[in-house]
1. Return the calculated 222 nm mean residue ellipticity for the chain, to the nearest 500 deg cm²/dmol, obtained by summing -39500 (n - 2.57) across DSSP H runs with n ≥ 4 and dividing by the residue count.
2. With a 1.4 Å probe and all protein chains left in place, how much accessible area per residue does the chain have, in Å²?
3. At q = 0.16 Å⁻¹, what log₁₀ I(q)/I(0) does the chain have when each alpha carbon counts as one equal point scatterer in the Debye sum?
4. Taking the simple approach of a point 7 Å from Cα along Cα-to-Cβ for both Ile38 and Leu19, what is their distance in nm?
5. Gain in length, Lys7 to Leu75, computed as 0.36 nm per residue apart minus the alpha-carbon separation, to one decimal in nm?
6. Over the chain, calculate the relative contact order: mean separation of alpha carbon pairs under 8 Å at least 6 apart, over the residue count, as a percent.
7. Once phi is turned into ³J(HN,Hα) by the Karplus curve 6.51 cos²θ - 1.76 cosθ + 1.60 with θ = phi - 60°, what whole-Hz value does each residue of the stretch 61-69 show in order, with x for glycine and proline?
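The values are calculated or read from the model by the stated rules, or taken from the named source; none is laboratory data. All values derive from a computational prediction rather than experimental measurement. Here the Cβ is made from the backbone with ideal geometry for all residues, glycine too, and neighbour counts use every protein chain on show. Remember, those area values only see protein heavy atoms, side chains included, never the ligands or the DNA or RNA. Shrake-Rupley method; radii C 1.70, N 1.55, O 1.52, S 1.80 Å.
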Amino acid sequence: MAIDAHKKSLPEDAAFSDLKDLLDSQTKGELCDNCRDILETELGKQLFYIAALANTLDLNLKDVIEKEEKKLSTLTIFNLT
């Protein structure tokens, strides 16, 4: 896997709604099994700490995620997802 990050050229007449189709993640290739395991482990650790923080502060993680999803869906085309 590699990151191929460079400045993207955009047509001058491109609309904001076209950006999703014109831009990409700039990643090339696939993760090897070892890298996938490491990333899954690290993401799992972060999720554990996020869940622990939410529990400590008496926040419902499901509610937090739903609120964020609602905010992102309100952005419609500006979300670029």
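1. Theoretical 222 nm ellipticity from helices: -16500 deg cm²/dmol.
2. Values: 7250 Å² over 81 residues.
Ligands and nucleic acids excluded, the figure is 90 Å² per residue.
3. Computed log10 I(q)/I(0) values: -0.97.
4. 3.2
5. Values: separation 68, 0.36 × 68 = 24.48 nm, distance 2.49 nm.
Extra length available between Lys7 and Leu75 comes to 22.0 nm.
6. Numbers: 31 pairs, mean separation 29.7, N = 81.
It comes to 37 percent, rounded to a whole number.
7. These are the phi-based 3J(HN,Hα) values: 4, 4, 5, 4, 5, 5, 5, 5, 4 Hz.
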